[in-house]
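Structure record follows, encoded as structure tokens.
The values are calculated or read from the model by the stated rules, or taken from the named source; none is laboratory data. Since this is a predicted model, take the numbers as computed values, not measurements. Reconstructed Cβ throughout: ideal geometry from the backbone, glycine too, with neighbour counts over all protein chains shown. Note: areas computed on protein heavy atoms with side chains; ligands, DNA, RNA excluded. Shrake-Rupley method; radii C 1.70, N 1.55, O 1.52, S 1.80 Å.
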Amino acid sequence: MADERRTGYDGTGPGAITPDGCAVEMYERLRPNGEPEVIERAVPAGASILELGCGAGRVTHPLLDRGFRVTAVDESAEMLARVRGARTVRSPIERLDLDERFDVVLLASFLVHAGDPAVRRGLLETCRRHVAEDGCVLLQREGENWHLDVPRERPLAPDGLVRVVSATPVADGVNRVHVEYEFPDARWSQTFLSRPLDTAQFEGALAEAGLAVESYLTEDRIWVRARPIAG
């Protein structure tokens, strides 16, 4: 039976579409875009990593190649079927409870900007629940003016193009974002809900979940390392 689509999320194009509108065949084509290097610089060698929202393994596989021990989580069975070499767990992130702690918990792909604040709280509580007390949480947040700089596009290696077509307000503080992916032989689209967060809102959301920003890892402040708050 197909997974139930999340409200406000949709996708089109060949192959399976996940509950949040991601096209599995398209994500299988994507290559890393600097994420493994940022992660490798930010955490100890050989660390255990809980990767939340692993998709088809675009980042998982390079992390394994670098010697990290990865537990890869996704709610889509079709996505997890593409992951090789990692322990995999099928679950919505906000409901995950492995009764384990990891050196690193990874929440990338701008998932912290979930449109529903309850979902965002669940995501961050999952991060806090699974990170070791001396470990860290790595998050990827949207860039400044990400919702204002539309339309825009950039190439996708090796032969694709991603185009952010629109970011339309649909509720208080929430935008419906429409993205198109174009390759010589196929096209896909994804529509999802995203809540922009300025620095104060972002750090406040982390604090609510028992996390605190330790450092911004990249000049654009998109990649963040957070630590659990003691007590």
Alpha-carbon centroids, the range 193-231 and the range 67-100: separation in whole Å: 23
Environment charge of Asn145, counting only residues whose C-beta is closer than 12 Å and scoring Lys/Arg +1, Asp/Glu -1: -4
Positive-end residue of Ala207, Ala86, Pro14, charge dipole of the chain with Cβ unit charges: Ala86
Burial order of peptide ranges 49-58, 184-193 (average beta-carbon count within 10 Å, highest first): 49-58, 184-193
Computed log₁₀ I(q)/I(0) - Debye formula, equal Cα scatterers, no solvent, the range 1-125, q 0.14 Å⁻¹: -0.60
Cut-off under 5 Å, modelled amide H: who pairs with Glu214 long-range: Arg225, Ala226, Arg227
Approximate spin-label separation Arg152-Glu133, in nm, with each point projected 7 Å along Cα-to-Cβ: 4.2
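With charges set only on the Cβ (+1 for Lys and Arg, -1 for Asp and Glu), what does the dipole of the chain come to about its Cα centre, in debye to the nearest 20?
It works out to roughly 200 debye.
Kindly provide the helix-only [θ] at 222 nm of the chain, computed as the sum of -39,500 (n - 2.57) over DSSP H runs of four or more divided by all residues, to the nearest 500 deg cm²/dmol?
Rounded to the nearest 500, the figure is -5500 deg cm²/dmol.
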Cα Rg over Rh - the range 91-154, Kirkwood: 1.07
Whole-number D in µm² s⁻¹ for the chain, Kirkwood Cα-pair radius fed into Stokes-Einstein, 25 °C, 0.890 mPa s: 137
For His147, solvent-accessible area (1.4 Å; no DNA, RNA or ligand), Å²: 20
Accessible area of the range 1-139 belonging to carbon and sulfur atoms, whole % at 1.4 Å probe: 45
Convex hull volume per residue for the range 139-183, taking Cα atoms only, in Å³: 87
Ile229 - accessible surface, heavy atoms, 1.4 Å probe, Å² rounded to 10: 70
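Net charge near Gly135, counting Lys/Arg +1 and Asp/Glu -1 over other residues with Cβ under 9 Å of its Cβ? Numbers along the way, then the final one.
On the way: positive: Arg101, Arg227; negative: Asp103, Glu133, Asp134.
Counting the neighbours of Gly135, the net charge comes to -1.
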Simple spin-label estimate for Asp65 and Thr168 in nanometres, 7 Å along Cα-Cβ: 4.0
Globularity ratio of the range 1-68, using Cα Rg and 2.2 N^0.38 Å: 1.33
Calculated log₁₀ intensity ratio I(q)/I(0) where the Debye formula runs over C-alpha points of the range 71-123, q = 0.18, 0.26 Å⁻¹: -0.67, -1.23
